[in-house]
Amino acid sequence: MMMEEKIAHKLLLKNYCEQIILQRIAITQQAMDEAQAAANQEGKSSAGDKYETARAMSHLEKDMHARQLLAHQECLHTLRMINVQVIYNAPAAGAFIRSTTTCFFIGGGLGKQIVNGETVVFLSPASPLALQLLQKKTGDEFTFKGKEKIITIY
């Protein structure tokens, strides 16, 4: 594979990851807005405690979605800082790693995804597996679903 093809491949993976995270942000924002609307619509009833409990539950749900939203936004920020225009000789944020049975992209923690017919495990740079891979080079072995051997890094 030529250098331009490797960079184009990594750019495709980064863009795919960014689109998934943007979708998650939109869904989480909508859920947060719906939880706030539910809290605002709770009308006073003769059972005051029931009203307060429902309102509190809506606020808790909104807070949960707000934390998720912040996590997605931080993930997006980290992803956008990654340079995929570089061909790496060792695993790093923005690297693509092909092992004996699995392909990895260190960029965003999406887990296993299929991109253009290729199964790729998207790892957050801070994930335990990514941290394990950062210590390796082509030809090294590591543990992932048994023994794996790194074939290519770029």
What's the number of the condition Gln135 fails, among (1) open to solvent by less than 90 Å² (accessible area, probe 1.4 Å); (2) part of a loop (DSSP other than H, G, I, E, B); (3) out of contact with any Cys (no Cβ under 8 Å at 6 or more places or on another chain)?
-> (1)
The stretch 66-85, residues that are in contact (Cβ under 8 Å) with a residue 60 or more places away in the chain and over 30 Å from Met32 (Cβ atoms) = Val84, Gln85
Identify the single condition in (1) surrounded by 15 or more Cβ atoms within 10 Å (Cβ to Cβ); (2) touching a helix residue (DSSP H, G or I) at 6+ places or on another chain (Cβ under 9 Å) that Thr143 does not satisfy, given that it satisfies every other one.
-> (1)
Residue pairs within 8 Å by beta carbon, gap of at least six or interchain, first lying in the stretch 121-133 and touching a residue at least 24 places away in the same chain (Cβ under 8 Å), second assigned to a helix (DSSP H, G or I), listed first then second, are Phe122/Leu13; Phe122/Cys17; Ser124/Cys75; Ser124/Thr78; Ser124/Ala130; Pro125/Thr78
Residue count, the stretch 1-41, condition open to solvent by less than 70 Å² (accessible area, probe 1.4 Å) and over 13 Å from Gln85 (Cα atoms), comes to 17
Return yes or no: is Lys112 at pLDDT below 95, open to solvent by 20 Å² or more (accessible area, probe 1.4 Å) and not small (Gly, Ala, Ser)?
-> no
Scan Gln85, Gln68 and give me the residue that is closer than 16 Å to Ile20 by Cβ, open to solvent by 10 Å² or more (accessible area, probe 1.4 Å) and either among the β-branched types (Val, Ile, Thr) or at pLDDT 95 or above (or both).
-> Gln68
Hey, does the stretch 95-108 have a residue that's under 23 Å from Ile21 (Cα atoms), open to solvent by 40 Å² or more (accessible area, probe 1.4 Å) and either outside any strand (DSSP E or B) or modelled with pLDDT of 95 or more (or both)?
-> no
What do you reckon, is Lys149 modelled with pLDDT under 95, open to solvent by 80 Å² or more (accessible area, probe 1.4 Å) and part of a strand (DSSP E or B)?
-> yes
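Yes/no per residue for (1) closer than 20 Å to Gln73 by Cβ; (2) in a helix (DSSP H, G or I); (3) at pLDDT below 95; (4) under 28 Å from the mean Cα position of the chain (by Cα):
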| site | (1), (2), (3), (4) |
| --- | --- |
| Lys6 | no, yes, no, yes |
| Leu13 | no, yes, no, yes |
| Leu22 | yes, yes, no, yes |
| Gln36 | yes, yes, yes, yes |
| Asp49 | no, yes, yes, no |
| His59 | no, yes, yes, yes |
Provide a single number: the residues in the stretch 95-132 that are over 15 Å from Thr143 (Cα atoms) and over 13 Å from the mean Cα position of the chain (by Cα).
-> 8
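The values are calculated or read from the model by the stated rules, or taken from the named source; none is laboratory data. Keep in mind that this is a model prediction, so the values were computed, not measured. All Cβ positions, even for glycine, are placed from backbone atoms using ideal geometry, and neighbour counts span all protein chains on display. These accessible areas exclude ligands, DNA and RNA; they are computed on the full protein's heavy atoms, side chains included. Shrake-Rupley method; radii C 1.70, N 1.55, O 1.52, S 1.80 Å.
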